[in-house]
Amino acid sequence: MNPWASFGRSAVCAVLFTLFSTLSPADQPLTPAQVLDYSRAGDLHFSPDGRKLAYVVYTYRQDWSPHLWLMDVATGAARDLTPAKKAERLPQWSPDGTKLAFLSNRGGKTQVYIMAAGANAVALTAQKNGVKSFHWSPDGKSIAYLAQDDDAQDGDNGPQVADREGDLPRLWLIDLASKHTRKLGVIGYGIDEFQWRDGAHLLIAATDTPRIEEDTNSIYSLSIADGSVKLVSRPPQPFGSLIVSPDGAQYGLRSTEAHGPNARDLFVGTDNDLKDVSAPIGFAIADVRWTDPSAIWVRAIDGFYTRLYRIAPNAPPVRIGLPLSVEAFDVSRDGVVAFVGGDFAHPSQIYIREKDGRIRETTALQQSLDAARLAPVTLFHTRSFDGTDIESALMTPKARRGKMPLVLLVHGGPSSNFSAGYSWEIAWGQMLASRGYEVLMVNPRGSNGYSEDFLKANKGDWGGGDYKDLMAVLDAVIAKGHTDPARLGIGGWSYGGEMSEWAITQSDRFKAAVVGAGVYDQAAEFETEDGPQGDEWYFGTPWEHPDVFARNSPSSTIANAHTPTLIFDGADDAENPVGQAKGLYRALKHLGVETAMVLYPGEGHSPKLLANNLDMFTRILDWYDGHLKKK
């Protein structure tokens, strides 16, 4: 009899995950199960009295579904509020702190739930197609939320008619005492986010031309009384992260003076009078908190590290001294900071910074990940081909044995960056480093966390200067004499996958490549992806600039490839549709290049199921070992 017969596939996988992540001796290489056994926390929110902290945790033990946690700030004790196999996110405290609202699918479609102290959570909404976001009114007597009408297409059944006005999410208002619900505003607006400006108005970030697949959002004021909509401002595109001061006198958002590609600057003001208040910081703003009218707290990306700053009117920004890179944070009304901190030597944990500057670690976020077993990482700088300064990180095995194989990992984006901390990409690297590989991680031009000019430097030039940066850093590492230049690999996901594709068409120096959800043909990807606005910023449109799209496509030079290449993608990837993976696979097969392709049904751009990630990491390891380890 099969001893696992009474268990589902996910239950078996969880048991094996726990078993394999705890049995190996400390001196053994890290297994895929061990490197994937980590937690990420975010969306931190203090209760109004500062005594509780609500936050969201992701782990592969729960197939990367968000779970809602609640912590006692004084003791650090925390508990998971989310039922097994369910997902909960977007925690928000009522203004008086007596209730916690959040989004949950515990009853089926995602709805707004409310939980009072000592009571079970109850569903507040019952939208047929679920709720996308919500916010408490300033007086706590009602909640506004964003959701489709019940007669909108559900995406699963019947003909799917594109761009139906009736499918756009609408704003709704529910009175908590009577449970009376009504629609707000007028139809025809594509609403991305909203905030209460005061008890009588909402600020919404929306477009009145939702059929146009470009960044055309504006800020509007919506009247609660009659639903009328009034234009407030047209910030530079793209923009997001709408926020309102606690007194409602001002609002802020992340936008960009350079009109793309990222909303990296913080603008604050009234109506159409918005000013960039983050310019003195000089780094990209990643997150904002506005807990009292006197100051704004921001998280800014500084290369591999993310810093915390306090911005007060008529004063220079003040950097908050924290020993770790900040992955998420919140600030209580009396100035206590809760933050998720980590670096390459310290996997993420939640810390509390008291008003006097003392920092204490709370209940361990990482239950299994052993920091003592992680390979060391060194940050360094290299002058690229044109003198541009490029920051990189080199992960090295704890025990060096002669010249080592090296894998060059390329981050996604491109307007992203490698960060000091523990993530999926770092897990990939740690698995390899524990087996004797050097792992090189580069932030080439086009990466976030540096200057505006650096961010824009690969516009229309993917595979140009950025590829040369990667090669310049690789050459600098090889020159140190510890790397075997005959055993080089490359790999990455999304833009990192595309750069890996590009690299094997430019050079035969790589003996193994791993491509995850990359772009093979830029024009075909533009024509089939969801949300082409980002690609349009980089390349224009394929019917206006076919030469630019061709020049930036690995498909144009694929005939030069000889490197054995392993290809992954989610079968339901809507960002870089799965046809891109299939196109690369078909070309390499036709050219006689050793290749393999693995697609994961039901997965999108970033596979989330534990079973699929374990399978993927095992295949990655076998592929590199099979081509880069000495025979």
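Of note:
- Summed over region 531-571, residues that are in contact (Cβ under 8 Å) with a residue 24 or more places away in the chain, among the charged types (D, E, K, R) and surrounded by fewer than 15 Cβ atoms within 10 Å (Cβ to Cβ) total 0.
- Hits in region 76-96 - residues which are farther than 25 Å from I359 by Cα, part of a loop (DSSP other than H, G, I, E, B) and either open to solvent by less than 60 Å² (accessible area, probe 1.4 Å) or not charged (D, E, K, R) (or both): L81, T82, P83, A84, A87, S94, P95
- Condition check for K480: basic (K, R), open to solvent by 10 Å² or more (accessible area, probe 1.4 Å) and outside any strand (DSSP E or B): yes
- The residues of region 172-197 that are within 26 Å of the chain's Cα centre (by Cα) and aliphatic (A, V, I, L, M) amount to a single one, I191.
- Residues in region 105-129 that are within 19 Å of H67 (Cβ to Cβ), surrounded by fewer than 18 Cβ atoms within 10 Å (Cβ to Cβ) and not aliphatic (A, V, I, L, M): R106, G107, G108, K109, N120.
- Applying a threshold of 7 Å to beta carbon distances and a minimum spacing of six or more residues, or different chains, the list of pairs starting in region 392-403 at a residue that is of a type in the set (S, T, N, Q) and ending at one that is assigned to a strand (DSSP E or B) and open to solvent by 10 Å² or more (accessible area, probe 1.4 Å) reads S392/F380; S392/T382.
- Some residue of region 104-111 being in contact (Cβ under 8 Å) with a residue 40 or more places away in the chain, hydroxyl-bearing (S, T, Y) and either assigned to a loop (DSSP other than H, G, I, E, B) or closer than 26 Å to L36 by Cβ (or both): no
- Residue check, D175 of a type in the set (D, E, K, R), at pLDDT 95 or above, under 23 Å from L274 (Cα atoms) and surrounded by fewer than 19 Cβ atoms within 10 Å (Cβ to Cβ): no
- Of all residues in region 264-287 being open to solvent by 20 Å² or more (accessible area, probe 1.4 Å) and within 16 Å of the chain's Cα centre (by Cα), the one that is nearest to S415 (Cα to Cα): A286
- Pairing each residue of region 614-628 that is over 16 Å from L409 (Cα atoms) with any residue that is at pLDDT below 95 and crowded, with 20+ Cβ neighbours inside 10 Å, provided the two are 6+ apart or on different chains, yields C-beta distances under 9 Å for L614/C13; L614/F17.
- From the options R509, R445, R487, residue that is charged (D, E, K, R) and either open to solvent by less than 10 Å² (accessible area, probe 1.4 Å) or within 16 Å of N262 (Cβ to Cβ) (or both): R445
- If the condition is being over 20 Å from A116 (Cβ atoms), acidic (D, E) and part of a loop (DSSP other than H, G, I, E, B), then region 36-75 contributes D37, D63.
- Among the candidates S447, S500, residue that is hydroxyl-bearing (S, T, Y) and touching a residue at least 40 places away in the same chain (Cβ under 8 Å): S500
- Residues that are assigned to a strand (DSSP E or B), out of contact with any helix residue (DSSP H, G or I) (no Cβ under 6 Å at 6 or more places or on another chain), modelled with pLDDT of 95 or more and open to solvent by 30 Å² or more (accessible area, probe 1.4 Å) occur in region 313-326; there is at least one.
- Every residue from region 135-149 that is closer than 22 Å to A205 by Cα and either out of contact with any Ser or Thr (no Cβ under 8 Å at 6 or more places or on another chain) or open to solvent by 40 Å² or more (accessible area, probe 1.4 Å) (or both): H135, S137, P138, S142, Q148, D149
- The strands (runs of 3 or more DSSP E) located wholly in region 330-401 that include 3 or more residues which are under 22 Å from the mean Cα position of the chain (by Cα) and either modelled with pLDDT of 95 or more or buried (at least 16 other Cβ atoms within 10 Å of the Cβ) (or both) occupy 337-343, 346-353, 389-395.
- In region 589-613, the qualifying residues are those that are open to solvent by 30 Å² or more (accessible area, probe 1.4 Å) and assigned to a helix (DSSP H, G or I), and the one that is farthest from I490 (Cα to Cα) is H590.
- Sole exception among (1) in a loop (DSSP other than H, G, I, E, B); (2) more than 30 Å from D625 (Cβ to Cβ); (3) touching a strand residue (DSSP E or B) at 6+ places or on another chain (Cβ under 9 Å) for L455, by number: (1)
The values are calculated or read from the model by the stated rules, or taken from the named source; none is laboratory data. For clarity, every value in this text was computed on a predicted model and none was experimentally measured. Positions of Cβ are generated from backbone atoms using ideal geometry, with glycine treated the same way; all protein chains shown enter the neighbour counts. SASA here: full protein model, heavy atoms, side chains in, ligands and nucleic acids out. Shrake-Rupley method; radii C 1.70, N 1.55, O 1.52, S 1.80 Å.
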